[in-house]
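Please read the structure below before turning to the comments.
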Amino acid sequence: MSCAAGVQWGQPMSCAAGVQWGLSPALRAPCSGRKSLDGGAGRPVDPYRMDDHALPQQSPPDLPAQARRLLVERFPDALGAVLGGSAARGRARAASDLDLAVLLPDTDTTRRELIRHEGRLAELFLHTLGDVPDVLEAEREQRRGTMLFIYGEGLVLDDPHGHLARVRARSRALLEAGPPALTSAQWERSRYVATCFLDDLLDTARDERHEQLATADFLLREASLLLTAHHGAWTGIGRWLPRRLLAADPDLGAALLDGHLALAERADPQPLAAAAEKVLELVGGPLREGYVQVR
């Protein structure tokens with residue numbers, strides 16, 4: 001799993017620090033709002049979604065097989081398992097790890113483990129059946145929904161008693177409903193934070209590259225939170241931030257990402273600042289004097 005997958009059961013494991021986003025052309029295709037899980041009438045199907053039991057033609061055949069061997073060797077009492085990440089989407093690279101979510105009996109414990117199996121890293125998200133409802137709800141509250149996407153869209157490896165099918169259905173229902181709306185206090189704080197970073201970016205000298213880059217990173221994150229929340233869409237971190245951002249708003253999301261790239265390559269803050277200002281206008285405008293945070 002990349003650093004983008006960290007949520008309650010996974011904080012970032014590595015750093016996606018490159019300024020080159022590496023986005024596929026498909027992610028910049030126009031769409032309106034948040035995609036439904038089935039693509040919706042007249043809308044493109046999510047390129048990251050997996051059918052329940054279908055393995056993509058381009059997927060390296062050894063990775064699902066390896067995941068099944070791992071499952072049999074380490075979790076013979078598993079009640080279900082699903083493979084997520086690039087291995088399930090057929091986009092695995094030589095160093096890609098295995099993202100494996102496993103349902104366990106309630107006599108076991110919910111936890112996360114990182115192991116090496118047959119020379120490949122494997123990130124294991126282990127959930128007891130009784131803990132699953134709380135796990136899914138926590139994922140929804142964090143607005144990234146990493147485990148919802150793994151359970152809802154990953155490749156089923158085993159489901160002997162139908163437990164995984166029910167978890168899968170619940171995950172998909174939560175994905176379709178979308179993340180919770182921000183509270184009034186959350187909207188105000190995010191607008192205030194984005195405004196602060198915007199002002200700091202424009203006030204930073206172009207030859208102060210370290211300060212400029214650090215400020216731009218935080219501005220991109222906060223503007224992305226506001227934009228995805230505005231569209232009622234899921235957000236992400238690391239490599240998943242640009243993917244979720246472009247899915248939520250192809251035009252303005254691309255403007256934010258291109259602005260960040262322009263700053264990284266040319267020390268030019270104006271494109272990112274202009275895009276961030278457009279995001280702020282969508283959600284009530286910049287927030288400076290008058291902001292009060294009550295503890």
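The values are calculated or read from the model by the stated rules, or taken from the named source; none is laboratory data. Quick caveat, the model's predicted, so the values are computed rather than measured. All Cβ positions, even for glycine, are placed from backbone atoms using ideal geometry, and neighbour counts span all protein chains on display. With ligands, DNA and RNA removed, areas are computed over all heavy atoms of the protein, side chains included. Shrake-Rupley method; radii C 1.70, N 1.55, O 1.52, S 1.80 Å.
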(request) Would you give the gap between the C-alpha center of segment 163-232 and the C-alpha center of segment 259-295, rounded to a whole Å? (result) 11
(message) If you count only protein heavy atoms and use a 1.4 Å probe, how large is the accessible surface of residue 277, to the nearest 10 Å²?
(response) 80
(request) Calculate what fraction, in whole %, of the accessible area of segment 130-280 sits on carbon and sulfur atoms when a 1.4 Å probe is rolled over the protein chains. (result) 50
(request) Return the sequence-ordered ³J(HN,Hα) values of segment 148-160 in whole Hz as given by the Karplus equation 6.51 cos²θ - 1.76 cosθ + 1.60 applied to θ = phi - 60°, using x for Gly and Pro. (result) 4, 5, 5, 5, x, 10, x, 8, 5, 9, 6, 7, x
(message) List the trypsin sites (Lys or Arg not before Pro) within segment 79-114 that DSSP assigns to loop and that have no more than 12 neighbouring Cβ atoms inside 10 Å.
(response) 93
(request) Could you give the size of the charge dipole of segment 147-293 about its Cα centre, using +1 on the Cβ of each K and R and -1 on the Cβ of each D and E, expressed in debye and rounded to the nearest 20? (result) 680
(request) Whenever you get a sec, line up 291, 151 from highest to lowest accessible area (probe 1.4 Å, protein heavy atoms). (result) 291, 151
(message) If I ignore ligands, DNA and RNA and count only protein heavy atoms, how much of residue 75 is accessible to a 1.4 Å probe, in Å² to the nearest 10?
(response) 20
(message) Classify segment 65-161 from the C-alpha gyration tensor, please: rounded if a/c falls under 1.5, else prolate or oblate depending on whether a/b exceeds b/c.
(response) oblate
(message) At 1.4 Å probe size, what's the solvent-accessible area of residue 137? Round to the nearest 10 Å².
(response) 60
